[in-house]
Amino acid sequence: GDFNSVKNATERQRVNKGNYKVVDTRKFNNFISNIENEDIPLIGRCFTWFRTNGTIKTRINKIMVSRGWISQWPTCAQFVLN
């Protein structure tokens, strides 16, 4: 799905920090927990999307898998391509 949300404040950097919503983050984390999914670790860059003028950097692209999948392939990771 396309949630356009982050799991915590460190996954988004903005010039104007006034738009971060803790309630949305809490809802997103509750959803992830309720469906028993995990986010595959990101290697390399901290962010997956950048506004061209540099005012926003965020990690909205995630690979979510079941906990069983993680236990089957515990060393899997995701990488940001240029």
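The values are calculated or read from the model by the stated rules, or taken from the named source; none is laboratory data. Please read these numbers as outputs of a predicted model, since none were measured by experiment. For neighbour counting, all protein chains shown are included, and Cβ atoms are generated from backbone atoms with ideal geometry for every residue, glycine included.
Miscellaneous remarks
- All of (1) modelled with pLDDT of 85 or more; (2) more than 22 Å from residue 80 (Cα to Cα); (3) of a type in the set (S, T, N, Q) hold for residue 48 with one exception: (2).
- Under the condition of being farther than 11 Å from residue 6 by Cα and either touching a helix residue (DSSP H, G or I) at 6+ places or on another chain (Cβ under 8 Å) or among the polar types (S, T, N, Q) (or both), the residues counted in region 49-64 number 4.
- Only residues that are more than 12 Å from the chain's Cα centre (by Cα) and on the phi < 0 side of the Ramachandran plot were counted across region 27-44, and they come to 8.
- For region 47-82, residues that are exposed (fewer than 10 other Cβ atoms within 10 Å of the Cβ), under 22 Å from residue 34 (Cβ atoms) and among the β-branched types (Val, Ile, Thr) total 0.
- Where strands (runs of 3 or more DSSP E) fall wholly inside the chain, the ranges with 1 or more residues that are among the hydrophobic types (A, V, I, L, M, F, W, C) and in contact (Cβ under 8 Å) with a residue 24 or more places away in the chain are 56-58, 64-66.
- Residue 40 surrounded by 13 or more Cβ atoms within 10 Å (Cβ to Cβ), modelled with pLDDT of 90 or more and either in contact with a strand residue (DSSP E or B) (Cβ under 8 Å, 6 or more places away or on another chain) or farther than 16 Å from residue 79 by Cα (or both): yes
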